[in-house]
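Only one structure is covered here, and it is reproduced in the block below.
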Amino acid sequence: MTGPTLHGAVEELYSSPTAEFTRRRKLLSVAARSGGDRELAVQIAALRKPTLSADTLNRLVREAPQSVQELVDLGTAFRSAEKELDATALRELSRTRRSLVHDLAQLAFDITEQTTPSASTREEVVATLNAALADEEVADRLMSGSLVTQARWDGFGSASLPELAAVIPMPRARSQPAGRAGAAAAEPGPAEPEPGTPESAEPEPAEPEPAGRRPAAPDPGAAQRQAAQAQATERAAAEQRQAATRQRKTEEERLHRLEAARREAEEAGRAAAVAVQEVAEIDRRISELGLQIAHQRELLAVAQRSARSTEIRRRAAQLALTRAGGSASG
């Protein structure tokens, strides 16, 4: 009888109900040890029980891979639209994203028969789906179907990477691009237990070596060192991707600000030109009014002089009349 392999153990454990995880893991570890592969037994015993949200997503990927592939394809379209700054496409893709994420989450709960999932489980499932849409690395891990924990997404394109089941490249439900063969390498360390589950994600201790049986086996610490090295390499790569994403977004924001400033400057220039024209028109009208006022003042002065002359003549006539009357009476 052929003994278990690490790939086979992962496939069996992460496609089975979580209630059977511990029992199946122990049986597989014992079978590997009985077959003389102590290192494999240790690796199988170290496989961690997934959180409820991670198990929900694993079951979704394994039972409806084409539906999840739609999410991955949508993420590719999103990144292309962001790169081209296509606002119309981004608005349309955003509407599609909300609908697709909602439908996938509901499908995952239907597959796992969770009629009333908790708010925390629903949030973790939705956050991981959004993270997979925003980050290609998260999408690769989701499609492996062997998540141990959920991903976290801050809403700006960068996402934390969910942990995987084993320190090996995992079979995936979609074709893998060149250069990403090791994208599914796992990150060691304890997984966070799902609230309400009786078992934490701590690995179960391996079965003790039978007395008198000391098969020559590789140093068990080698796997841990390899895992640590893979983890460090992967985290460094993730940090570089996130830094590049942040830099791209910063540059896009800078370009948006420059464009907004340019538009404001153009509008201010047009407003200034209109204001200059209005000031010139006001100056012209003031000049015209000044000329009119000066002309009216001249007319007023002429009229005043004429009035004084008339008054003088009237008084002279009156005086002459008075004198003429006095001479006649004398």
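Output the residues belonging to region 91-136 that are part of a helix (DSSP H, G or I) and among the acidic types (Asp, Glu).
Of everything in region 91-136, those that are part of a helix (DSSP H, G or I) and among the acidic types (Asp, Glu) turn out to be GLU92, ASP103, ASP110, GLU123, GLU124, GLU136.
Out of region 6-21, which residues are more than 30 Å from ALA119 (Cα to Cα) and surrounded by fewer than 16 Cβ atoms within 10 Å (Cβ to Cβ)?
Correct list: HIS7, GLY8.
Out of all the residues in region 79-88, is one or more at pLDDT 90 or above and closer than 22 Å to SER144 by Cβ?
No: region 79-88 contains no residue that is at pLDDT 90 or above and closer than 22 Å to SER144 by Cβ.
How about region 22-62: which of its residues are free of Cβ contacts under 8 Å to residues at least 40 places away in the same chain, crowded, with 20+ Cβ neighbours inside 10 Å and within 25 Å of LEU142 (Cα to Cα)?
Across region 22-62, the qualifying residues are LEU28, LEU40.
Quick grid of which residues meet (1) touching a Leu at 6+ places or on another chain (Cβ under 8 Å); (2) surrounded by 13 or more Cβ atoms within 10 Å (Cβ to Cβ); (3) within 14 Å of VAL61 (Cα to Cα):
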position	(1), (2), (3)
SER94	no, no, no
ASP103	no, yes, yes
THR121	yes, yes, no
ALA131	no, yes, no
LEU142	yes, yes, yes
GLY145	no, yes, yes
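Mind counting the residues in region 122-143 that are free of Cβ contacts under 8 Å to residues at least 60 places away in the same chain and over 15 Å from the mean Cα position of the chain (by Cα)?
Result for region 122-143: 4.
So how many residues does region 284-309 have that are at pLDDT below 80 and among the acidic types (Asp, Glu)?
0
Would you mind stating whether SER80 is touching a residue at least 24 places away in the same chain (Cβ under 8 Å), closer than 18 Å to ALA131 by Cα, hydroxyl-bearing (Ser, Thr, Tyr) and out of contact with any His (no Cβ under 8 Å at 6 or more places or on another chain)? Walk me through how you get there before you give the answer.
Details: touching a residue at least 24 places away in the same chain (Cβ under 8 Å): no; closer than 18 Å to ALA131 by Cα: yes; hydroxyl-bearing (Ser, Thr, Tyr): yes; out of contact with any His (no Cβ under 8 Å at 6 or more places or on another chain): yes.
It is false that SER80 is touching a residue at least 24 places away in the same chain (Cβ under 8 Å), closer than 18 Å to ALA131 by Cα, hydroxyl-bearing (Ser, Thr, Tyr) and out of contact with any His (no Cβ under 8 Å at 6 or more places or on another chain).
Sort out which residues of region 63-77 are assigned to a helix (DSSP H, G or I), aliphatic (A, V, I, L, M) and touching a residue at least 40 places away in the same chain (Cβ under 8 Å), and write them in order of number.
VAL68, LEU71, VAL72, LEU74
Assess whether THR96 counts as being among the hydroxyl-bearing types (Ser, Thr, Tyr) and under 15 Å from LEU129 (Cβ atoms). Please lay out each step first, then the result.
On the way: among the hydroxyl-bearing types (Ser, Thr, Tyr): yes; under 15 Å from LEU129 (Cβ atoms): yes.
Here the answer is yes, as THR96 does meet what is asked.
The values are calculated or read from the model by the stated rules, or taken from the named source; none is laboratory data. Just so it is clear, the model here is predicted, and its values are computed rather than measured. Cβ sites come from the backbone with ideal geometry, for glycine too, and all protein chains shown count toward neighbours.
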